[in-house]
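Comments concern the structure below.
Derivation of every value follows stated rules applied to the coordinates shown; laboratory data play no part. Just so it is clear, the model here is predicted, and its values are computed rather than measured.
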Amino acid sequence: MKKLLVLLVVMGLGLVAWADEKEDATDRLDSATKVLNEIMKTPDKGIPEEVLDGAKCIAVVPHMIKGGFVFGAKHGRGVATCRTANGWSAPSFFVVTGGSWGAQIGVEGVDLVMMIMNDMGLQQLLNSKFQIGGEVSAAGGPVGRHASAGTDWKLDTQILTYSRAKGAFVGATLEGAGIGQDGDAIRAMYGRELTPKTILTGKVPPPAAAHQFLATVRGAKAVAESK
């Protein structure tokens, strides 16, 4: 009887943890949607149409936690989607640890957007873990309604990165950051173990909680062009 009671308590705690993780994953999707909507409202100070149009994948880390004068990005939890033959994939969840970029004094959290621009960057995102500056090259992306023809953003850089602390988005470097799958969030959202590759190549349907996020991603280019 005592063993049964202990088992029921453990199962109950597990269900509570699962519910909390799913709520956190849903909140992350909602926050990422808000970040993308705010980008689209200010095209002159946001991500250029050409970058949005050419991206293989879009990854958003809302309110990444960091600190310091020339600060290091300590930890963030994000969500990503990739283009497939049938449109944008269901979202996969990931974590960011380590890395650093320029000084923004007195700010404790930033929104981070990563635009994966070519097949090499896409293949790394499909893996469970990679490091920016190691397996993947990244650079601060151009800002504005249109990317200047004189910039080299189309060359070999696999990921263009943007951060926003207050106001406009700016190009940002994120050297040394580790990107890994958020298995807990994936399991909570989809109800089973899945790899980023399975999700981001369109092999699973998007959950209901992701519909608004994906609609915002689909609308990003159209809204930018209309401004």
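For the pair D20 and N86 in one chain, pulling the backbone fully straight at 0.36 nm per residue adds 20.6 nm over the alpha carbon distance. Here the Karplus relation 6.51 cos²θ - 1.76 cosθ + 1.60, evaluated at θ = phi - 60°, turns the backbone of segment 113-127 into coupling constants of 10, 10, 9, 8, 9, 8, 5, 5, x, 4, 4, 5, 5, 5, 6 Hz, with x for every Gly and Pro.
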